[in-house]
Structure formats: C-alpha cells, structure tokens
Amino acid sequence: MILTGFGDEVSLKHLIKAQKRLVQSASYKSLERSPNLIAGIDVAYTRDGLFGVAGIVVMKFPELQVVEEVVEKQRVCFPYIPGFLSFREAPLMIKAFRKLKHKPDLLFVDGQGTAHPRKAGIAVHLGVILKIPTIGCAKKPLLKSFSMPEDLKGAAKPIFLEKEQVGWVLRTKKGVKPVFVSPGNLITLEETLDYTLKTTTKYRLPEPIRLAHQLCSQVKKY
DNA sequence: GCGACAG
DNA sequence: ATCTTGTCGC
C-alpha cells in the first residue's frame with residue numbers, strides 16, 4: 001500500500017489498472033498538423049522535498065524563440081516509485097499547463113513515453129489527459145533492451161519491449177551520453193526522432209526541456 | 001530470492 | 001530529484 005498526501009492509501013494493483021486505462025486511450029498516428037508552438041515541461045523539488053515546482057516553456061517552431069513561460073508550485077503528495085512517476089508529477093504539471101495562454105502543438109516531457117514496462121510513461125499520461133501530442137525525453141533508461149548508437153550526432157538505436165520497438169536511444173550531441181526518447185501520444189516513433197533532433201541545438205537536451213528544467217530549477221531555489 | 005529502478 | 005567545486009577533456 002502507498003500513503004498519499006491526502007492521508008489515504010492506494011495499492012500498486014490499482015495504479016497498474018489506471019495505467020492500463022491511460023494506455024488504451026493513447027494513439028500513435030502521425031501528427032495532424034505541423035507544430036507552430038512546441039513546449040517543454042519539467043518539475044524540480046525544494047531541498048526539504050516538501051514542494052514541487054513545475055515549469056513550462058513554450059517556443060515558436062522552428063525558430064525556437066520563447067513565447068511564454070509558466071510555473072506552478074504545490075506540496076508533494078505522492079512518493080517517487082520507479083514505473084509510477086506520473087502519479088507524483090502529472091497532477092502538478094497539468095495544473096501548470098492550465099495557466100498557459102498559448103497551448104503548444106507538441107509537448108516534450110522530462111521522462112519516458114512508451115519506453116516503459118507497461119508503455120505508461122509520464123509523457124503518455126500527460127498526452128492522454130491533455131489530449132495533445134507529447135514526446136518523452138529521459139536522461140536515463142527504464143527499459144534495458146537496446147544497443148548503444150555510434151558517437152555521432154543523430155545516431156540512434158531502437159529500444160525494445162518484447163520484440164516491439166517502443167523508443168530510441170538517441171545521440172543528440174557528439175561525445176555526450178545519449179537521451180532516451182519515445183512517443184507519449186498522438187505522434188509516431190519516426191516523428192519523435194525527427195522533432196527531438198529539430199529542437200536540439202548545442203546542448204544534450206532539446207531546447208524546450210532544457211529551458212523548462214532551468215526555469216523550475218531556478219524558481220524552486222530558496 | 002537478488003538486483004535494478006524515469007524523476 | 002537533491003546535497004555541491006573544481007577539474008579533466010574535446
């Protein structure tokens with residue numbers, strides 16, 4: 001059983017059922033329209049671990065110029081459990097998303113999409129709830145079935161879940177560790193690779209995510 | 001049973 | 001995730 005910040009408890013079985021419902025609502029067809037606005041979202045925590053701060057940065061695409069930034073702070077009310085990250089961070093992220101004046105056509109989420117044991121990464125959860133295209137971009141893998149891509153920007157290798165490809169290990173910069181990208185909702189594996197590269201400039205992470213991380217990380221400081 | 005384990 | 005400065009290498 002898991003204790004939440006509301007004083008109640010939930011079982012892992014219940015959470016797994018919730019993930020299965022979310023996964024059934026996800027779709028992986030091609031993007032309906034080319035994006036004009038792309039955003040990145042991330043969460044940072046205060047030192048005492050009591051509060052979480054979500055940050056979203058919306059950028060014009062393909063220019064990558066910042067159009068809007070929002071942050072939302074809230075008390076943490078769910079523990080971090082590998083495989084169930086979205087139950088801890090999605091509520092706060094959704095609350096921050098509601099404050100946006102400019103809704104993005106594509107959202108990069110800091111974490112996995114379908115490259116997850118049950119294809120239920122946080123990018124899937126957010127994409128289904130918000131009903132928008134999302135891409136999960138993580139700094140570390142959850143699934144281990146993949147080989148390393150060569151050390152060249154753009155090199156990629158598939159990530160598998162039971163023989164089925166669910167994501168990519170992508171080298172976004174030469175001489176730097178790769179990132180782990182996978183579709184969250186309303187986007188294909190090919191487009192996931194394409195847009196991740198199109199939004200990555202001189203750093204390891206795609207600009208929307210890099211700036212969102214910078215934003216919430218700065219705001220949570222005290 | 002043991003080890004691994006997004007943020 | 002968070003606590004933290006300098007330092008090695010391209």
Once the mean 1/r over all distinct Cα pairs of the range A:2-219 is inverted, what Kirkwood radius in angstroms do you read off?
17.2
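What is the Cα convex hull volume of the range A:154-205 when expressed per residue in Å³?
Details: hull volume 4.0 nm³, N = 52.
Convex hull of Cα atoms, per residue: 76 Å³.
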Could you give the dipole magnitude of chain A about its Cα centre, charging the beta-carbon of Lys and Arg +1 and that of Asp and Glu -1, in debye to the nearest 20?
260
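Contact order normalised by length for the range A:2-219, with contacts defined as Cα pairs under 8 Å and 6 or more residues apart; what percent is it?
Working: 530 pairs, mean separation 49.4, N = 218.
Dividing the mean separation by the residue count of the range A:2-219 yields 23 percent.
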Euclidean distance of C-alpha centroids, the range A:6-32 and the range A:74-103, integer Å:
14
Taking a probe of 1.4 angstrom, what is the accessible area of A:Lys99 in Å², to the nearest 10?
100
Selected from A:Ser11, A:Ser27, A:Ser147 as most flexible by GNM, with chain A as the system and alpha-carbon contacts under 10 Å:
A:Ser11
Under the rule of -39500 (n - 2.57) per DSSP H run of 4 or more residues, summed and divided by the residues of chain A, what mean residue ellipticity at 222 nm is obtained, to the nearest 500 deg cm²/dmol?
-8000 deg cm²/dmol
Residue-wise HN-Hα coupling along the range A:137-143, computed from phi with Karplus coefficients 6.51, -1.76, 1.60 (Hz; x: Gly, Pro)
10, 10, 8, 9, x, 10, 8
Determine ³J(HN,Hα), in whole Hz, for all residues of the range A:71-76 in sequence, where each value follows from phi through the Karplus function 6.51 cos²θ - 1.76 cosθ + 1.60 and θ = phi - 60°; x replaces Gly and Pro.
9, 8, 10, 7, 5, 6
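Semi-axes of the equivalent ellipsoid for the range A:80-127, please: Cα gyration tensor eigenvalues, times 5, square-rooted, ordered largest first, whole Å.
Working: eigenvalues 86, 31, 8 Å².
Values for the range A:80-127, descending: 21, 13, 6 Å.
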Who wins for biggest fluctuation among A:Pro62, A:Pro178, A:Pro158 in a Gaussian network model of chain A, springs between alpha carbons below 10 Å?
A:Pro62
Euclidean distance between Cα centres, the range A:125-141 to the range A:148-222, Å
12
Which whole-number percentage describes the relative contact order of the range A:31-109, with Cα contacts under 8 Å and a sequence gap of 6 or more?
37
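Going highest first, how would you order A:125-137, A:82-94 by mean Cβ packing within 10 Å?
On the way: A:125-137: 25.0, A:82-94: 19.9.
In decreasing order of mean packing, A:125-137, A:82-94 become A:125-137, A:82-94.
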Residue of A:Gly111, A:Gly52, A:Gly40 that the Gaussian network model of chain A assigns the largest fluctuation, springs spanning Cα pairs under 10 Å
A:Gly52
So for each of A:44-51, A:185-192, A:63-70 I average, over its residues, the number of other beta carbons within 10 Å; can you give me the resulting order with the highest mean first?
A:185-192, A:63-70, A:44-51
Just reorder A:Met1, A:Met59 by solvent-accessible area, largest first, 1.4 Å probe, all chains present.
A:Met1, A:Met59
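The values are calculated or read from the model by the stated rules, or taken from the named source; none is laboratory data. The structure presented is a predicted model; accordingly, all values stated were derived computationally and were not measured. A quick note on method: Cβ atoms are made from the backbone with ideal geometry, for glycine too, and the neighbour counts reach across all protein chains shown. For accessibility, only protein heavy atoms count, side chains too; no ligands or nucleic acids. Shrake-Rupley method; radii C 1.70, N 1.55, O 1.52, S 1.80 Å.
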